[in-house]
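First up is the structure itself, then whatever we jot down about it.
The values are calculated or read from the model by the stated rules, or taken from the named source; none is laboratory data. None of these values were measured; they are calculated from a predicted model. No Cβ is skipped: glycine too gets one built from the backbone with ideal geometry, and neighbour counts run over all protein chains shown. For the accessible areas, the whole protein counts, side chains as well, though only heavy atoms, and no ligand, DNA or RNA atoms are used. Shrake-Rupley method; radii C 1.70, N 1.55, O 1.52, S 1.80 Å.
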Amino acid sequence: MGTSSAASTALHQSSQPAAQVVVNKLVVIGIGLIGSSLAAGLKARGGCREVIGIARSMQTITQAKALGVIDRGFLSLEEVAPELGEGDLVFIAVPTLSVAKVLHECARFLPASVTITDGASVKGSVAQAVLEAYGAVPPQLVLGHPIAGSEKSGVTAVNPSLYERHRIILTPQAETSPVHLQRVVEMWRAVGGDVVEMPIDVHDDVLASTSHLPHAIAYSLVDTLAHDSDNADIFKYAAGGFRDFTRIASSDPLMWHDIMKANRECVLASLDLFTANLARLRRAIAADDGEYMLGVFTRAKEARDHFTRLINKQAFVPKMQSKEVTYIMQPGGNVQGKIRVPGDKSMSHRSIMLGSLANGITEVEGFLEGEDALATLQAFRDMGVVIEGPVNGKVKIHGVGLNGLKPPAGPLYVGNSGTSMRLLAGILAGQQFDSVLTGDESLSKRPMNRVVKPLQSMGANISAEGEKGLPPLVIKGGAKLNPINYTLPMASAQVKSCVLLAGLYAEGETQVTEPAPTRDHTERMLRGFGYEVASLGATAKLSGGGKLAGGKIDVPADISSAAFFLVAASITPDSDLTLLHVGMNPTRVGVINILREMGANIEVQNAREVGGEPVADLRVKYAPLKGINIPEDQVPLAIDEFPVLFVAASCAEGTTVLTGAEELRVKESDRIQSMADGLITLGVVAKPTSDGIVIEGGTIGGGEVESHGDHRIAMAFAVASLRATAPIVIKNCANVATSFPNFTELATEVGMNLAVSP
Ligand code: S3P
């Protein structure tokens with residue numbers, strides 16, 4: 001038996017049910033819901049040659065035969081044992097406390113060649129019974145537990161699909177033979193189960209919390225209400241909530257009696273924890289402590305929405321497998337109308353971070369409900385911050401103050417989001433508790449030394465993997481941070497922000513000087529929260545130890561998302577599109593400057609200031625574009641917009657040359673290479689260079705391109721289809737949801753021809 005933890009126990013991936021014989025004779029001892037459903041499921045898929053049922057009563061055998069669940073039936077194992085051998089499998093599906101008796105019979109009658117497995121809900125007590133029956137663990141025995149069932153019981157509840165896409169936990173021991181284990185794995189896979197392996201003690205612990213405790217609570221609640229005379233009428237009025245919550249109280253009483261007894265210690269530990277928390281909630285209700293209640297309810301709602309994280313004991317559950325999403329773009333289309341793209345990603349991240357560190361409530365409007373900003377939100381919830389929403393872009397953050405964050409239960413997982421990881425590193429470096437920041441496959445390849453080094457020189461105890469400084473970032477709490485005077489080696493708002501945020505926790509003045517202007521949302525928003533930040537030319541400074549005061553934040557539409565439509569309208573004849581309420585921070589408008597220099601027709605309308613940030617509506621019409629040498633001073637101001645600017649360059653007359661943009665190589669993908677490869681596939685002449693690209697404007701053809709899971713590459717190629725001569729298929733587009741969750745809807749609304757597969 002392995003000693004791996006529950007979080008790393010995945011062994012056998014799910015597979016489609018196999019239509020091949022995996023077991024010769026299947027003997028099911030106990031023909032209730034669990035046993036009969038396996039028998040019926042395996043039979044239906046041709047996974048066994050014959051099913052033999054063993055039951056305590058003739059009536060069950062007759063019923064099971066009539067239902068077609070078994071081929072033959074017996075009242076004892078002894079009767080059938082002589083005909084069993086290699087390739088046959090016995091499944092023990094009796095109530096937990098009856099397994100011991102069956103195991104004694106197995107030990108007496110079954111030859112060592114027969115595979116034995118079980119389905120009992122507790123594994124420790126069964127393992128003990130095995131030792132009593134056999135004296136040692138027999139290699140033919142594979143203990144297991146299908147995590148499937150229903151409140152219904154008995155052979156009449158048989159369901160051949162019961163195990164489809166359900167977890168089957170196997171708890172093999174050191175003595176278990178691989179041949180028998182494999183047979184059991186194949187059998188469960190044949191009925192559609194996802195087989196995982198887990199140590200026995202971990203299984204019992206996890207199941208006590210996730211299954212046994214809820215059953216105890218449901219039984220107790222229904223019993224309490226049923227016996228309370230004041231509540232005599234309660235069931236008449238009990239609607240959805242009551243029914244949902246108490247459904248499991250109509251499960252088989254004997255089975256649950258057995259489970260509670262067999263897993264006594266683990267169940268008691270879970271019950272103690274729960275009753276303590278329930279008592280705490282009671283005190284909060286009695287004291288009218290709304291904050292506490294909201295904290296419990298928002299955390300619980302979020303956890304329910306991602307409930308596997310409870311089993312995995314993680315702060316956040318990474319996507320196990322990112323969904324395969326392909327865009328199929330038909331060539332041509334229109335670009336017309338008035339749209340508002342989602343909220344600014346950079347500001348959405350910062351609104352959660354600063355709102356959480358502020359004193360008092362912060363109300364955010366226009367929050368981007370994309371995966372990246374949600375990862376930041378999740379991280380702060382994991383550190384105990386009560387955050388309501390988001391609902392229609394509205395978020396209410398109950399700030400805890402600069403020193404009010406709590407240690408998270410596990411690693412903080414920030415998915416695809418570099419901004420979350422780098423800015424959080426600065427905040428976490430100043431905490432008293434330890435933390436770990438992890439991310440998805442793409443983020444795990446992105447350089448973190450750029451934040452690790454300055455934080456270390458401030459005295460932070462932070463480390464990354466290897467020489468390249470890759471995630472995860474491991475941060476030890478309790479370090480005393482010193483202020484620094486840091487000159488950024490690269491123009492990066494993320495690094496600048498990281499150092500400034502760490503500076504909030506340092507005693508004295510922290511200064512950051514940048515080689516070129518980068519987005520200044522951190523500085524602006526800190527000021528909006530009443531925190532003094534001085535910006536003198538290329539240097540921003542602040543002193544640690546102050547306070548942030550919660551308030552209102554209006555997040556404008558993201559110019560980086562608007563950029564796709566700025567280019568779409570610029571390259572499509574007869575287009576006329578207005579983009580509403582776009583953030584026009586001077587450190588972000590490089591895309592407009594570059595497009596205008598290429599000849600684009602972009603009109604800035606209704607320019608105004610909202611919450612300390614300039615905002616405007618942008619009206620864009622088609623205009624013939626020409627190739628240019630992109631001024632290097634515009635690079636940091638348009639750093640995220642280059643993928644789509646390369647599409648504009650492909651439609652322009654003449655050559656466009658980009659230099660000074662090596663940073664593009666370390667974004668969500670190597671954006672120079674990803675774009676060059678895709679454009680070349682589409683017939684465009686594009687030459688990548690170490691720090692940029694040279695693109696000859698011409699005709700865009702069709703073909704299949706790869707986005708490398710990079711949201712901006714995917715959307716850029718979608719825009720290219722407007723001028724393509726044949727369909728463009730764009731692979732790996734799921735991550736568009738990180739920054740622009742409704743991209744396909746808005747693209748279709750303005751007139752692009754986009755289909756999503758699957
Ligand atoms: C961001 C800064 C930029 C940008 C990223 C968001 C921010 O990264 O590419 O999408 O919110 O600070 P760098 O600062 O690393 O260039």
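Given the condition in the same structural domain as ALA39 (by TED's automatic domain parsing) and of a type in the set (A, V, I, L, M, F, W, C), answer yes or no: does some residue in segment 222-230 qualify? No, that holds for no residue. Taking segment 68-108 as the range and being open to solvent by 50 Å² or more (accessible area, probe 1.4 Å) and at pLDDT 95 or above as the test, the residues that pass are ASP71, ARG72, LEU75, GLU78, GLU79, PRO82, GLU83, GLU86, LYS101, HIS104, GLU105, ARG108. Within segment 332-345, being farther than 17 Å from GLU745 by Cα and open to solvent by less than 10 Å² (accessible area, probe 1.4 Å) holds for one residue alone: ASP344. Counting only residues that are open to solvent by 50 Å² or more (accessible area, probe 1.4 Å) and under 15 Å from ARG519 (Cβ atoms), segment 585-611 holds 2 of them.
I'd like to check something: does segment 569-578 contain any residue that is under 27 Å from SER492 (Cα atoms) and either open to solvent by less than 10 Å² (accessible area, probe 1.4 Å) or touching a residue at least 40 places away in the same chain (Cβ under 8 Å) (or both)? There is no residue in segment 569-578 that is under 27 Å from SER492 (Cα atoms) and either open to solvent by less than 10 Å² (accessible area, probe 1.4 Å) or touching a residue at least 40 places away in the same chain (Cβ under 8 Å) (or both). One residue alone among VAL644, VAL666 is within 14 Å of the ligand (Cβ to nearest atom) and closer than 20 Å to THR572 by Cα, and that residue is VAL644.
Go through segment 687-703 and count every residue that is farther than 16 Å from ILE730 by Cβ, open to solvent by 10 Å² or more (accessible area, probe 1.4 Å) and either among the β-branched types (Val, Ile, Thr) or more than 16 Å from the ligand (Cβ to nearest atom) (or both). Adding up the residues that qualify gives 9. Scanning segment 629-671 for residues that are more than 28 Å from LEU580 (Cα to Cα), more than 35 Å from the chain's Cα centre (by Cα) and buried (at least 18 other Cβ atoms within 10 Å of the Cβ) yields a count of 2.
Does segment 541-549 contain any residue that is assigned to a strand (DSSP E or B), buried (at least 22 other Cβ atoms within 10 Å of the Cβ) and over 31 Å from the mean Cα position of the chain (by Cα)? Yes; the residues of segment 541-549 include at least one that is assigned to a strand (DSSP E or B), buried (at least 22 other Cβ atoms within 10 Å of the Cβ) and over 31 Å from the mean Cα position of the chain (by Cα). Scanning segment 524-540 for residues that are part of a helix (DSSP H, G or I) and open to solvent by less than 10 Å² (accessible area, probe 1.4 Å) gives a single hit, LEU526. Listed by position, the strands (runs of 3 or more DSSP E) enclosed by segment 638-728 that each have at least 3 residues that are over 25 Å from VAL750 (Cα atoms) are 655-658, 685-689, 692-696.
Mind listing whichever residues of segment 481-498 are within 12 Å of the ligand (Cβ to nearest atom) and of a type in the set (A, V, I, L, M)? Passing the criteria: LEU488, MET490, ALA491, ALA493, VAL495.
Among the residues that make up segment 501-510, is at least one of them more than 30 Å from the chain's Cα centre (by Cα), assigned to a loop (DSSP other than H, G, I, E, B), free of Cβ contacts under 8 Å to residues at least 60 places away in the same chain and within 12 Å of the ligand (Cβ to nearest atom)? The answer is no, given that none of the residues of segment 501-510 is more than 30 Å from the chain's Cα centre (by Cα), assigned to a loop (DSSP other than H, G, I, E, B), free of Cβ contacts under 8 Å to residues at least 60 places away in the same chain and within 12 Å of the ligand (Cβ to nearest atom). Only residues that are out of contact with any strand residue (DSSP E or B) (no Cβ under 8 Å at 6 or more places or on another chain), within 15 Å of the ligand (Cβ to nearest atom) and among the hydrophobic types (A, V, I, L, M, F, W, C) were counted in segment 389-445, giving 2. Exactly one residue out of ALA676, ALA734 is within 22 Å of SER348 (Cα to Cα) and either surrounded by fewer than 24 Cβ atoms within 10 Å (Cβ to Cβ) or touching a Phe, Trp or Tyr at 6+ places or on another chain (Cβ under 6 Å) (or both): that is ALA734. Hey, does segment 98-114 have a residue that's under 23 Å from ALA40 (Cβ atoms) and of a type in the set (Gly, Ala, Ser)? Yes; the residues of segment 98-114 include at least one that is under 23 Å from ALA40 (Cβ atoms) and of a type in the set (Gly, Ala, Ser). Of the residues ARG619, ARG596, the single one that is basic (Lys, Arg) and outside any strand (DSSP E or B) is ARG596.
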